[in-house]
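What follows is a short report on a single structure.
The values are calculated or read from the model by the stated rules, or taken from the named source; none is laboratory data. Predicted model, so just to flag it, every value in this text is computed and none were measured. No Cβ is skipped: glycine too gets one built from the backbone with ideal geometry, and neighbour counts run over all protein chains shown. The accessibility values were calculated without ligands, DNA or RNA, using every heavy atom of the protein model including side chains. Shrake-Rupley method; radii C 1.70, N 1.55, O 1.52, S 1.80 Å.
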Amino acid sequence: MSRIALLAVLIYFIILTGVGTLNGTVLSLALPLVVYLLAGLWRGPEKLDLSAERILSSERVKPGEKVTVSLTVTNHGGALGEILIHDPLPVFLEVVEGSNDRLVRLPAHGSISWSYTLQGRRGFHLFHKLEVNAEDGFGLVVKRKSLPTSGQLVVLPPVARIRRIAIRPRQTRVYSGLIPAHQGGAGIEFFGLREYQAGDSPHHINWRASARQGNALFSNEYEQERVADVGIVLDGRSEVNYLKGNLSLFEDSVIAAMSVASALLSESNRVGLLIYGDRARWTSPGYGKRQRERILQSLAMARTGESQNFRSLFIPHRMFPANSQIIIISPLHADDLPVIAQLKVSGYQVMVISPDPVSFEASRLEDRKSLKLSARIARLEREIMLRRLRGFGIQVVNWNTSTPFEQAARTSLSRPVTFLRAMQSGRGGRG
Amino acid sequence: MTRRAIYVSIFIGAAILVFGMATQGHPIPAIGIALLGLAWMVAHKRRIRWVASPAFAIFVVISAASIWGGIASWMALTCVMFSLAAWDLALFVQRLEMTSEPTDRKIMERTHFTQLGFVIGLSLLGVFAITLIRINLTFGGAVILALLGVWGISSLVYRLRRHEDDIDL
């Protein structure tokens, strides 16, 4: 019940009781309440003629970085006794210093300025208004006004520093880079032998092979290293990212996507991004720092969505050319396997980085035997799914998110998959 | 200051009614009123906000009822005025707490107390005037007067609400 209504009910009660019993003393009890109501009307706030300005100390910050919001409210009208100014914060932002509410007095044509500090989670946060509540002295009459303000804050995703990601796409671009191009030429890694040609450096002559043949000279050929086209597909489907208890793996996937993109761009590759959430959001491929910024912006705004599976996923060759490298970052679902295998069949070199939902959820489960057994079954099912993927010739990184991505990438992504397989089989042989 | 004023208001409002009832030979209602006042104070201390409005309403009703219990009219009126003050200050404190950095806090408190003092002073003046004026009314006249009062209050409330509804969001 509002304050005015409560007062009105009490006044009616007193009047009716007083008149009903013909008791003037009872009637007199209504007087303070009536005077109080009249005072509220008399002191009611006038028309609100206010404007507001907002300045953010930074519009682009890393997660955990603090941002100072400075607000100035100017009164263009008459004096205001008590006004409560509230700055509604976008979700996922929190005040860490100061307050986003302020109760102030504003003289005629006066202004008030204050600031507070906030920090928040990854995302694109838009500030668009200030809410003002002006009241009479007794809080009986409240006038509300929204003051339009501008302001936006982008909290960027964290980036893990990865030195190298070993990829081997079937096709590379013409510019020199760091990706082995399956072609002989200038490089570091040995590629093959060919007959000596005029102009070859004497350092490249393979004397042993030449001596074995006797009548000709042979030169070592090295594998050319070039830049490649890489397409990163970030799976933003709520179905696979959200687990029981509203736990989400999506933030981990975003970190992985940004770290991979950053590492590949630093090696001069052409990188594009597809965020597959409620719909496909593309960041067309590009090179260098500018592309890194574009991907950073896209990932800052990435949200999960309700797409059901990868079946509707269509990759135009304009975005990710045929025979290029595709890196899918997804917790994965058994239904996704055919689609991923189809990409491989279409000629793409596919790598899957999969944040492990089973370990993620299992680490938060109670210590009960039945739950442990369920987790073990789920783990086995996932292992079978990943093996099937590997069977298609797809490189799969099963990332336990309790390990920092930097560390996981160093172990599983920094060397070619053939080398890692050889290491694993060697270890198996010894064991 | 405001917090202390709330406790003082509740205490005076309840104490005066307890005293009146006790002196008129109604110890059980007096104990009930004392307990009610105590409960209001405890609720305020524990920041249970919603208690203020029902407590205020109960005190007003009890004040009206206590007139038939034989207590002096000034006692009932004092109880109503101090309950009103406590109820008003409870909301005012809440508003002051809504900001962690209340600028001009003291000025606001001073202004508010002045306004409240003005309301109480004016009420007392009105009551004093009423005690001087004596009119004998028939039942019909009283009913017309009551209807006039209800109409007046209704139009006042309507004006206040209309003032409030002028929201620009």
- Message: List, by residue number, every residue in segment A:51-99 with a reduction of 40 Å² or greater in accessible area between the chain on its own and the complete protein assembly, 1.4 Å probe.
- Response: A:Glu82, A:Leu84
- Message: Can you compute the modelled spin-label distance between B:Ile130 and A:Tyr242, with each label point 7 Å from Cα toward Cβ, in nm?
- Response: 6.0
- Message: Rounded to whole Å, give me the distance from the Cα center of segment A:73-123 to that of segment A:4-25.
- Response: 42
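Pairs of Cα atoms under 8 Å, at least six residues apart: use those to get the relative contact order of chain A, whole percent. Before the final figure, lay out the partial values.
On the way: 851 pairs, mean separation 52.0, N = 431.
That works out to 12 percent.
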- Query: Build a GNM of chain A with springs between Cα atoms under 10 Å: which of A:Ser412, A:Ser259, A:Ser28 gets the top mean-square fluctuation?
  - Reply: A:Ser28
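Restricting to DSSP loop positions (anything but H, G, I, E, B) with no more than 15 other Cβ atoms inside 10 Å of their own Cβ, which trypsin sites (Lys or Arg not before Pro) remain in segment A:232-310? Can you show the working numbers first?
Values: sites: A:Arg237, A:Lys244, A:Arg270, A:Arg279, A:Arg281, A:Lys289, A:Arg290, A:Arg292, A:Arg294, A:Arg303; in loops: A:Arg279, A:Arg303.
Those satisfying the criteria are A:Arg279, A:Arg303.
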- Between chains A and B, what is the buried accessible area summed over both chains (1.4 Å probe, protein heavy atoms, nearest 100 Å²)? 5400
- Extreme residue, positive dipole direction of the protein assembly as shown, given options B:Ile71, A:Val34, A:His86 (C-beta unit charges): A:His86
- Long-range HN-HN contacts of A:Gly236 with modeled amide H, under 5 Å: A:Tyr276, A:Gly277
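What length, rounded to one decimal in nm, is gained on full extension from A:Ser402 through to A:Ser374, with 0.36 nm per residue of separation minus their alpha-carbon distance? Please list the in-between numbers first.
Numbers: separation 28, 0.36 × 28 = 10.08 nm, distance 1.98 nm.
This chain segment gains 8.1 nm when fully extended.
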- Message: Given the DSSP H assignment, sum -39500 (n - 2.57) over each helix run of at least 4 residues in chain B and divide by its residue total; what's the result at 222 nm in deg cm²/dmol, nearest 500?
- Response: -28000 deg cm²/dmol
- Query: Which percent of the accessible heavy-atom area of the protein assembly as shown goes to carbon and sulfur, probe 1.4 angstrom?
  - Reply: 57
- Message: Which one, A:Ser146, A:Gly347, A:Thr304, projects farthest toward the positive side of the charge dipole computed for the protein assembly as shown from Cβ point charges (K/R +1, D/E -1)?
- Response: A:Gly347
- Query: Ordered by packing density, taken as the mean number of other Cβ atoms within 10 Å over each peptide's residues, highest first, how do A:311-320, A:140-149 rank?
  - Reply: A:140-149, A:311-320
- Query: Sorted by accessible area (1.4 Å probe), largest first, how do A:Ser176, A:Ser262 line up?
  - Reply: A:Ser176, A:Ser262
- Relative packing of peptides A:60-72, B:28-40 - highest average C-beta neighbours within 10 Å first: B:28-40, A:60-72
- Extension length gain for B:Leu147 and B:Ala39 (0.36 nm per residue less Cα distance), in nm, is 35.3 nm
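Taking only protein heavy atoms into account and a 1.4 Å probe, give the accessible area per residue of the protein assembly as shown in Å².
Details: 30280 Å² over 600 residues.
On a per-residue basis, 50 Å².
Partner chain Cβ atoms within 10 Å, averaged over the residues of A:5-11 - can you pull that number for me?
On the way: counts 2, 6, 9, 8, 3, 7, 8.
Across A:5-11, the average partner-chain Cβ count within 10 Å equals 6.
When the helix-only estimate is applied to chain A (DSSP H runs of n ≥ 4, each -39,500 (n - 2.57), divided by the residue count), what is the mean residue ellipticity at 222 nm, nearest 500 deg cm²/dmol?
Details: 12 runs with 137 residues, N = 431.
-9500 deg cm²/dmol, from helical runs alone.
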- Note on the structure: Measuring from its Cα centre, segment A:169-249 shows a charge dipole (+1 at each Lys and Arg Cβ, -1 at each Asp and Glu Cβ) which, in debye to the nearest 20, is 140
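Is there a quick way to get the dipole size of segment A:229-423? I mean about its Cα centre, with the Cβ of Lys and Arg at +1 and of Asp and Glu at -1; what is the value in debye to the nearest 20?
Working: 26 positive and 18 negative charges, 64 e Å.
Roughly 300 debye for segment A:229-423.
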- Gain on full stretching of the segment that runs from A:Arg279 to A:Arg303 - 0.36 nm per residue minus C-alpha separation: 7.6 nm
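Averaged across B:77-89, how many Cβ atoms of other chains sit within 10 Å of each residue's Cβ atom? Working shown, then result.
Values: counts 5, 1, 1, 8, 6, 1, 1, 7, 2, 0, 5, 6, 0.
Shielding by partners across B:77-89 averages 3.
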- Whole-angstrom gap from segment B:64-98 to segment A:213-287, using each part's C-alpha centre: 71
- Note on the structure: PRE zone check, label point 7 Å out along Cα-to-Cβ of A:Phe190, amide N under 17 Å, scope segment A:207-224, hits A:207-213, A:218-224
- Query: Projected onto the charge dipole of chain A (+1 at Lys/Arg Cβ, -1 at Asp/Glu Cβ, origin at the Cα centre), which of A:Pro202, A:Leu371, A:Met258 gives the Cα projection farthest towards the positive end?
  - Reply: A:Pro202
- Might you report the magnitude of the Cβ-based charge dipole of the protein assembly as shown about its Cα centre, with Lys and Arg at +1 and Asp and Glu at -1, to the nearest 20 debye? 1680
- Loop-located trypsin sites (Lys or Arg not before Pro) in segment B:2-53 whose Cβ has at most 15 other Cβ within 10 Å (DSSP): B:Arg46, B:Arg47
